[in-house]
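*Asks:* Take a look at the following structure, please.
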Amino acid sequence: MLTRRNALALFLAAVVTPATAQAKKMPVVASFSIIGDFVRQVGGDRVSVTTIVGPDGDAHVYQPSPADGRRIAQARLIFVNGLGFEGWLDRLIRSAKSKGEVVTLGKGVAARNDEEGQDPHAWQDVANAKIYVREIRDALTAADPEGAETYKANADAYLAKLDALDAEIQQAIAAVPKERRRVVSTHDAFGYFAARYGVEFIAPQGVSTEAEVSARDVAKIIDAVRAHKVGAVFIENIADPRLARRIASETGAKMGGVLYSDALSDAKGDGATYIDMMRHNVRELAKALAQ
């Protein structure tokens, strides 16, 4: 027989349990959307992930808000890319007086270097994304040993998907004649992709969007496009499209679609996850260069 006391106990369990389960999730912060997706894939239901720089945001020039500081202060782990990508982040962590552990990803990556320094866009090579995922798995396990099996299972499943993605990209690019694998992008965000998959990218801006593009830089790109018969000019989701359109207009090169470089799209876009983003980029490249 259900007594009043038992009924009350059942009611309280139904009301309190979801909130309690939510409270048990480990609060973590990711510096930008791509890392945020990696952490969600590995952490699953055991973590609550907040991303500082959201969809279509430019982490090179982001201006943190007071709300960002509060998120940082509450986090157990703070996942960052490093390699000079989030130049504003160290100040934010200091000002927030965070006691969370900062996990700098990509330590196992062979970083590319140019005259500006190290190229931070390592995730554009799927092999490097796999390094990020393993490092996230290890950091979550160290902070939450009880979730070790969950993190390992989630990481293993996701790594298998990344293996399939890497093979898919290589197959798609291999179908494009080598002499046509030359494009213009807005800034130099695709060096790791170029090295891995064999597409040459020419960009008026360097590895960061902080520096202004000079008229001389644009003139050099226009000359290169004409000299090398570049297949297409692409806009990036984080960049002002006018520069790419000008280059295409002055050279007669075809305008390609939008490439996702430093950020995912929103949930309704074609690059809402890392895997979606990479597949979208390869489709756009293959479509533009095959013609």
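The values are calculated or read from the model by the stated rules, or taken from the named source; none is laboratory data. Note that the coordinates shown come from a computational prediction; the quantities given were computed from them, not determined experimentally. Here the Cβ positions follow ideal geometry from the backbone for every residue, glycine too, while neighbour counts run over all protein chains shown. In case anyone asks, the SASA skips ligands and DNA or RNA and just uses the protein heavy atoms, side chains included. Shrake-Rupley method; radii C 1.70, N 1.55, O 1.52, S 1.80 Å.
*Asks:* For residue 97 and residue 111 in the same chain, what is the full-extension length gain: residue separation times 0.36 nm, less their Cα-Cα distance, in nm?
*Replies:* 2.0 nm
*Asks:* In the stretch 29-155, what % of DSSP beta bridges are antiparallel (nearest 5)?
*Replies:* The antiparallel proportion sits near 20 percent.
*Asks:* Running Debye on the chain with equal point scatterers at the Cα sites and no solvent, what base-10 log of I(q)/I(0) appears at q = 0.08, 0.12, 0.14 Å⁻¹?
*Replies:* -0.39, -0.79, -1.02
*Asks:* Something else about it: For the stretch 65-205, what relative contact order do you get, as a whole percent, if you take Cα pairs closer than 8 Å and at least 6 residues apart?
*Replies:* The normalised contact order for the stretch 65-205 reaches 19 percent.
*Asks:* While we're looking at this one, here's another question. Quick one: among 220, 268, 25, which has the greatest mean-square fluctuation in a GNM of the chain with alpha-carbon springs under 10 angstrom?
*Replies:* In the Gaussian network model the winner is 268.
*Asks:* Out of all DSSP beta bridges with both ends in the stretch 75-233, state the antiparallel percent to the nearest 5.
*Replies:* So the antiparallel bridges amount to about 15 percent of the total.
*Asks:* Antiparallel DSSP bridges in the chain: what percent, to the nearest 5?
*Replies:* 10
*Asks:* Return the calculated 222 nm mean residue ellipticity for the chain, to the nearest 500 deg cm²/dmol, obtained by summing -39500 (n - 2.57) across DSSP H runs with n ≥ 4 and dividing by the residue count.
*Replies:* Rounded to the nearest 500, it is -15500 deg cm²/dmol.
*Asks:* Based on the Cα gyration tensor of the stretch 67-162, what are the three equivalent ellipsoid semi-axes, each the root of five times an eigenvalue, rounded to whole Å and given largest first?
*Replies:* Whole-Å semi-axes of the equivalent ellipsoid: 23, 22, 9.
*Asks:* When the accessible area of the chain is split by element with a 1.4 Å probe, what percent falls to carbon and sulfur?
*Replies:* Roughly 51 percent of what the probe reaches on the chain is carbon or sulfur.
*Asks:* Over all distinct alpha-carbon pairs, what is the Kirkwood Rh of the stretch 26-67 in angstrom?
*Replies:* Answer for the stretch 26-67: a Kirkwood hydrodynamic radius of 10.7 Å.
*Asks:* How much area per residue is accessible in the stretch 102-203 when the probe is 1.4 Å and only protein heavy atoms are counted (Å²)?
*Replies:* That works out to 44 Å² per residue.
*Asks:* Next question. Using DSSP H assignments, which helices in the chain have an axial alpha-carbon span of 24 Å or above and a mean Kyte-Doolittle hydropathy of -1.0 or higher?
*Replies:* 4-24, 126-143, 148-174
*Asks:* Modelled label-to-label distance, residue 219 and residue 276, 7 Å Cα→beta-carbon offset: nm?
*Replies:* The modelled label-to-label distance comes out at 4.3 nm.
*Asks:* While we're here: Springs between alpha-carbon atoms under 10 Å, Gaussian network over the chain: tell me which of 76, 46, 242 tops the mean-square fluctuations.
*Replies:* Its mean-square fluctuation being the largest, the pick is 242.
*Asks:* Residue 24: which lysines have alpha carbons under 29 Å from its alpha carbon, excluding same-chain residues fewer than 8 sequence positions away?
*Replies:* 97, 99, 130, 152, 161
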